[in-house]
Amino acid sequence: NTVTEFKRLKPSAASQSARRAAAEKQRKVLIAGGAGFLGSRLCSRYLEYGYEVTCLDNLSTGRLCNLKQQSRNPKFTFIHHDVVNPINQKGRYDFIFNMACPASPPKYQSDPIQTMKTSIYGAFNLLDVARRSNAKILQASTSEIYGDPDVTPQTERYQGNVNTVGPRSCYDEGKRAAESIFHDHRETYGTDIRIARIFNTYGPGMDPLDGRVVSNFINQALDGQPITIYGDGSQSRSFCYLDDMVDGLITLMHTPGTHFEPINIGNPDEFTMVELANLILKKITTLSRITYSDLPEDDPKQRRPDISRAKKYLGWAPKIGLDQGLDRTIAYFKTETSQDNLSNPA
Ligand code: NAD
Ligand code: UDP
């Protein structure tokens, strides 16, 4: 019964359930894409819980500086590997996160074929590891599977409005296909899957050069450069703070039950890009002024998660609002050195 399970999971559902699994000697987790923004935080959290953590990453958008602390832990292993290729190493895992895929539009659009292959071959290859290991596996899906949504907020039942042949298709359609592959693996082999539809996430550890809106606006304001709003800035996004997202993903992985269907994980507070720019300008003393340029093709006009399913099944809801989350993110970007700004070569 999900309600009883949910009550049992409160409070700090994520850490308690993950620690319980560790105590039951299910201690091995594989995090594909573990050198990235979200994956590296998952690596730290599982090391804190006492797991053996294997990070598998091709370092295309991930950064070794994200793994400085984790690498000092003897329970941490790094494997340099591209998930497009079969994963033949013999490790066995209890839990697998498939976080491997660039999330930033300029990054995933810079090599669309590789992006599509990463989502599709990566899903097959990691599901094969899950099957060999009898592991539970979570797919990092995305709000992008809703495309440019014509309903708001987006529930998991909304089937989306996605262009198959635009600049975002490699990511959106790749992630949609990955959800189908996960679903079919479940149907065919009984694989224990979870699918998290992740909405825009920000926070300390972001790559300052990732080209996404939160990192761009903060760094532009800190550098006294123009704040680059694309379009008229009336398009909206709903921003989730990193810690809330990581809690949501861990809770989804460890909540007992059969939650095989996709679940939105995000913060439903919605902001236009003009509102975001002004909020950042209020927080940073700067000479920066807003400039406007063309809206990229197929840029979604709105995005806001309905998180009723996550609340009901997981007892999860975000705790940190944009105001507080931005303060912490700005503090992080202020301390980020130019050395750390460099992405590692693949
Ligand atoms: P990120 O770009 O920081 O991390 C992705 C990681 O995957 C990087 O370390 C990269 O090197 C690695 N990677 C990419 N292609 C790979 C490949 N072929 N083989 C092995 N490793 C590969 O992105 P993130 O923000 O940490 O996102 C993590 C996951 O969450 C992604 O799957 C992304 O699609 C999903 N997601 C993120 C957001 C967000 O706002 N951050 C929103 C929706 C979905
Ligand atoms: N955006 C912007 N200025 C920037 C970067 C992005 O106005 O410097 C806009 C972008 O057009 C989109 C929104 O901010 O409407 C969010 O963009 P991001 O790349 O962060 O994420 P996504 O589009 O994938 O949600």
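Quick check on region 273-295. Is at least one of its residues acidic (Asp, Glu) and buried (at least 17 other Cβ atoms within 10 Å of the Cβ)? Give the derivation first.
Residues of region 273-295 that are acidic (Asp, Glu), as a first pass: 275, 294.
Now narrow it down to the ones that are buried (at least 17 other Cβ atoms within 10 Å of the Cβ): none.
No, region 273-295 contains no residue that is acidic (Asp, Glu) and buried (at least 17 other Cβ atoms within 10 Å of the Cβ).
What pairs come out if I take residues in region 160-184 that are farther than 20 Å from Ser104 by Cβ and pair them with residues that are among the aromatic types (Phe, Trp, Tyr) and outside any loop (DSSP other than H, G, I, E, B) whose C-beta lies under 8 Å away, six or more apart or interchain?
Within 8 Å, the pairs are Gly160/Tyr146; Asn161/Tyr146; Ile181/Phe124.
For region 97-124, enumerate the residues that are assigned to a helix (DSSP H, G or I) and either modelled with pLDDT under 95 or more than 9 Å from ligand 1 (Cβ to nearest atom) (or both).
Scanning region 97-124 gives Pro105, Pro106, Gln109, Ser110, Pro112, Ile113, Met116, Ile120, Ala123, Phe124.
Only residues in region 225-247 that are more than 13 Å from Leu326 (Cα to Cα) and in contact (Cβ under 8 Å) with a residue 40 or more places away in the chain count as the first member; pair them with residues that are of a type in the set (Ser, Thr, Tyr) and within 16 Å of ligand 1 (Cβ to nearest atom), Cβ under 6 angstrom, at least 6 apart or cross-chain, and list the lot.
Every condition considered, the pairs that remain are Met245/Thr201.
Mind checking whether some residue in region 82-91 is away from ligand 2 (no atom under 16 Å from the Cβ), under 19 Å from the mean Cα position of the chain (by Cα), outside any helix (DSSP H, G or I) and within 20 Å of Gly211 (Cα to Cα)?
Checked against the condition, which is being away from ligand 2 (no atom under 16 Å from the Cβ), under 19 Å from the mean Cα position of the chain (by Cα), outside any helix (DSSP H, G or I) and within 20 Å of Gly211 (Cα to Cα), region 82-91 yields no hits at all.
Restricting attention to region 108-128, report how many residues are under 21 Å from Leu42 (Cα atoms) and either in contact with a Lys or Arg (Cβ under 8 Å, 6 or more places away or on another chain) or crowded, with 24+ Cβ neighbours inside 10 Å (or both).
Result for region 108-128: 6.
Inside region 11-64, can you point out the residues that are touching a His at 6+ places or on another chain (Cβ under 8 Å), part of a helix (DSSP H, G or I) and charged (D, E, K, R)?
Arg20
Residue check: is Ile181 farther than 17 Å from Gly39 by Cβ and within 14 Å of ligand 2 (Cβ to nearest atom)?
Criteria not met by Ile181.
Looking only at region 285-343, which residues are small (Gly, Ala, Ser), assigned to a helix (DSSP H, G or I) and at pLDDT below 95?
Ser338
Scan the strands (runs of 3 or more DSSP E) fully inside region 135-247 and keep the ones with 2 or more residues being under 21 Å from Asn264 (Cβ atoms), of a type outside the set (Val, Ile, Thr) and in contact with a Gly (Cβ under 9 Å, 6 or more places away or on another chain).
192-198
Which condition number in (1) buried (at least 22 other Cβ atoms within 10 Å of the Cβ); (2) within 16 Å of ligand 2 (Cβ to nearest atom); (3) not aliphatic (A, V, I, L, M) is the one that Pro105 fails?
(1)
Checking Asn161 against (1) within 16 Å of ligand 2 (Cβ to nearest atom); (2) in contact with a Lys or Arg (Cβ under 9 Å, 6 or more places away or on another chain): exactly one of these is not met. Which one?
Only one criterion is unmet by Asn161, namely (2).
Quickly run through region 36-81 and pick out the residues that are more than 22 Å from Ala21 (Cα to Cα) and free of Cβ contacts under 8 Å to residues at least 60 places away in the same chain. Break it down into steps so the answer makes sense when it comes.
Initial filter on region 36-81 (more than 22 Å from Ala21 (Cα to Cα)): 36-37, 57-69, 71-72, 78-81.
Once the filter is applied, which keeps residues that are more than 22 Å from Ala21 (Cα to Cα) and free of Cβ contacts under 8 Å to residues at least 60 places away in the same chain, region 36-81 yields Asp57, Leu67, Lys68, Gln69, Ser71, Arg72, Phe78, Ile79, His80, His81.
The values are calculated or read from the model by the stated rules, or taken from the named source; none is laboratory data. Since the model is a prediction, treat every value here as computed from it, not as a measurement. Neighbour counts run over all protein chains shown; Cβ positions are idealised from the backbone, glycine included.
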